[in-house]
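**Q** Structure below; questions to follow.
No value in this document is a laboratory result; all are computed from the given coordinates. Here the structure is a predicted model, which means the values were calculated and not measured. Virtual Cβ from ideal backbone geometry, glycine too; neighbours counted across all protein chains shown.
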Amino acid sequence: MTRQKPKEAALTEEDICQRVRDSVLEQRLAPGTKLTEESLCGVFGVGRTTVRRAFLLLSRDNIVELQKNKGAVIASPSPDEAQQVFEARHTVEAALLARASEVADTNDIKNLRGHLAQERDALAKADIARWIRLTGEFHLHVAKLAGNTPMYHFLEQLVFRSSLIITLYGRHGQSVQSCTGDEHTRLVDALERRDIVAAQEILTHHLNDIEATLRFERAAGGDDLHQIFGMARAS
């Protein structure tokens, strides 16, 4: 008797949200990309109800903008919003970093260094999309150590918005170059020493470097959703 292959579990709205978030962090899903219910149903093999729930969650996180009779569109922050996002990141991330410096233990530092190893591995393999996502996630891993859930979730939204901003306004290649230095490593070293001042100085310099790569002119982006989310599944 032939044994039937078990069916794969259907994707949930949170699964779809995670795919979209990853694609935003990897700067592959461009601001202004239209996400219709029909297109995502086809890409993910789910029903319209699941997609609608995903849209609501993504809208709450300011990743998509819901437009009447048009579905959802990946958010396109204006130049003013971009500057406000980075201003907010400076303030919120510095506060979380100070707390993380006080409470991070040996295991926390070990985990952060493990994450840095993943960044180096992705860069060595020229897996730029994965590397970009990992560099964004690094900031969230550090922030989570502070143990302040509301501030963490706020920073999480700011990091997603930053990825959209860099995709929209970043000079080709420059935003990548701004993160290929040793800022993350030096930041972990400062955390290990519990040197709050040094850690905050490194963070400020790092965010300033990223801001310096931005030019506030709209850039065109692709919208091949099957290719975008196919790459996300392969990552």
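**Q** Under a no-solvent Debye model with one identical scatterer per Cα of region 83-152, what's log10 I(q)/I(0) at q = 0.16 Å⁻¹?
**A** Ignoring solvent entirely, the Cα scatterers give -0.63.
**Q** Show me the trypsin sites (Lys or Arg not before Pro) within region 33-86 that DSSP assigns to loop and that have at most 16 other Cβ atoms within 10 Å of their Cβ.
**A** The qualifying sites are K68, K70.
**Q** Across 10 Å bins from 0, what is the distribution of all Cα-Cα pair distances for region 56-98, in whole percents?
**A** 26, 36, 29, 8, 1
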